[in-house]
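J.: Mind looking over this structure? Questions follow.
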Amino acid sequence: MYEIAVIGAGPAGASAALFAAKAGKKTLLIDNDKGMTRRGWFENFYGISEVGGPELVETGHKQAVKFGAELVSEQAINLTSSGNGFVIETEDGIIYEAKHVILATGALTDLAAKAGVETKDGTEPRIKTVVAVDAEGKTNIAGIWAAGTVAGVSVHAIITAGDGAKVAINVISELNGARYVDHDVLKA
Ligand SMILES: Cc1cc2nc3c(=O)[nH]c(=O)nc-3n(C[C@H](O)[C@H](O)[C@H](O)COP(=O)(O)OP(=O)(O)OC[C@H]3O[C@@H](n4cnc5c(N)ncnc54)[C@H](O)[C@@H]3O)c2cc1C
């Protein structure tokens, strides 16, 4: 069983998976490569002068995988509760089990709604429906979290990436039973 499964590997999901895997959590990252980020050109991402969407997404995937996240190219079609976690079923009939699930599905709330996760009207342009989350990223179902566009944050890559990191840190902290901080120090 995975400790953390992230569904969606745009900036929100890949950033969440990066933090989860770097914290030593057994992490699954599921993506069907239909996100909005690949279509963008970014000149407002702090620390990066300019970057195309495909490069931004692919670099994020490499970072998550470098720290041990297992990235699979699948479409998640069902998310259900099991004894002590969740079962994720993909279009190809593959079953994954995870203790915690982070939904980072961008503009799509269909999987969340099917799983019984509460949704609400979105406030961002062109984002009609989002998952209802609290300040930590928790949904109405304990163990299911949401981050990024699907969680209703401002539709900008740096914000969705930051929200993915925030939610992952909250999940890691809950698993550890103590607040988690990931700081590396400049090598001398
Ligand atoms: C044309 C365009 C230009 C933009 N320009 C800018 C810009 O200049 N600056 C800026 O800051 N922002 C820009 N944005 C917005 C920015 O791309 C988004 O705010 C942000 O990157 C969204 O990240 P996300 O991770 O929330 O969603 P996404 O990047 O959409 O990622 C969601 C991921 O979830 C996957 N997914 C969804 N459902 C499933 C499922 N059931 N199973 C498996 N995978 C699933 C999708 O395939 C996708 O990879 C632009 C957007 C567009 C469309």
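J.: Counting pairs of alpha carbon atoms under 8 Å apart in space and at least six apart in sequence, what relative contact order in percent does the chain give? Before the final figure, lay out each step's value.
T.: Numbers: 420 pairs, mean separation 46.1, N = 188.
Relative contact order of the chain: 24 percent.
J.: Would you mind working out the magnitude of the charge dipole of region 2-176 relative to its Cα centre, with +1 at each Lys and Arg C-beta and -1 at each Asp and Glu C-beta, to the nearest 20 Debye? The partial results should precede the final answer.
T.: Details: 15 positive and 21 negative charges, 46 e Å.
Computed about the Cα centre, the dipole is about 220 debye.
J.: Highest mean first, how do 148-154, 59-65 rank when packing is the count of other Cβ atoms within 10 Å averaged over residues?
T.: 148-154, 59-65
J.: Considering only Cα-Cα distances, which of the following residue pairs are longer than 27 Å: 62/114; 114/138; 66/120; 34/114; 62/120? Provide the component values of the computation, followed by the final result.
T.: On the way: 62/114 30 Å; 114/138 17 Å; 66/120 35 Å; 34/114 19 Å; 62/120 33 Å.
Checking Cα-Cα distances, 62/114; 66/120; 62/120 exceed 27 Å.
J.: With springs connecting C-alpha atoms under 10 Å apart, model the chain as a Gaussian network and identify which of 163, 33, 121 has the largest mean-square fluctuation.
T.: Highest fluctuation of the listed residues: 121.
J.: What value, in deg cm²/dmol to 500, does the helix sum -39500 (n - 2.57) over DSSP H runs of n ≥ 4 give at 222 nm once divided by the residues of the chain?
T.: -8500 deg cm²/dmol
J.: Over all directions, average the projected area of the Cα convex hull of region 1-43 and note it in nm².
T.: On the way: hull surface 13.7 nm².
For the Cα atoms of region 1-43, the hull's average projected area reads 3.4 nm².
J.: Rounded to the nearest Å, what's the spacing between the alpha carbon centres of region 3-25 and region 125-188? Just the number, please.
T.: Distance between centres, Cα-based: 10 Å.
J.: Dividing the alpha-carbon Rg of the chain by 2.2 N^0.38 Å yields what? Before the final figure, lay out the partial values.
T.: On the way: Rg = 15.3 Å, N = 188, 2.2 N^0.38 = 16.1 Å.
Dividing the Cα Rg of the chain by 2.2 N^0.38 Å gives 0.95.
Read the figures in this text as sums done on the coordinates, not as results from a lab. What you see is a predicted model, and the numbers here were worked out from it, not measured in a lab. Every residue, glycine among them, receives a Cβ derived from its backbone with ideal geometry; neighbour counts consider all protein chains shown.
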